[in-house]
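To start, the structure under review is shown below, and the notes come after it.
Just so it is clear, none of the values below were taken in a lab; they were calculated from the coordinates. Please read all numbers here as calculations on a predicted model, not as lab measurements. Neighbour counts run over all protein chains shown; Cβ positions are idealised from the backbone, glycine included.
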Amino acid sequence: MKNLSSGVEVFFVISGFVIAYTLRNTTINFQSASNFFIRRILKLAPPYWLALILSMLIAGVSNIFIRVVYKINSFLQVFNNLTEIY
């Protein structure tokens, strides 16, 4: 399991290399840095919000499903107890 943690480190090294390679011919100033961060946010924000909304929808649907199953189970237990009495 210890060897698997190096994959994260390799990912960050490759990621840093790609970012540096992308900016290799760019003079770094406030305008270029702000453009980089704006492009980065515009690239990452839509999948983030999509994943967040889908997670909330799945959690809500599963919560409704669990409540329905719980109510059916409760009804069946009560019905089973009633049939045992009579």
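A few points about this structure:
- Among the residues making up segment 35-52, those that are surrounded by 10 or more Cβ atoms within 10 Å (Cβ to Cβ) and among the aliphatic types (A, V, I, L, M) are Ile38, Ile41, Leu44, Ala45, Leu50, Ala51, Leu52.
- Options Ser32, Ser55: the member that is within 16 Å of the chain's Cα centre (by Cα), surrounded by 10 or more Cβ atoms within 10 Å (Cβ to Cβ) and part of a helix (DSSP H, G or I): Ser55
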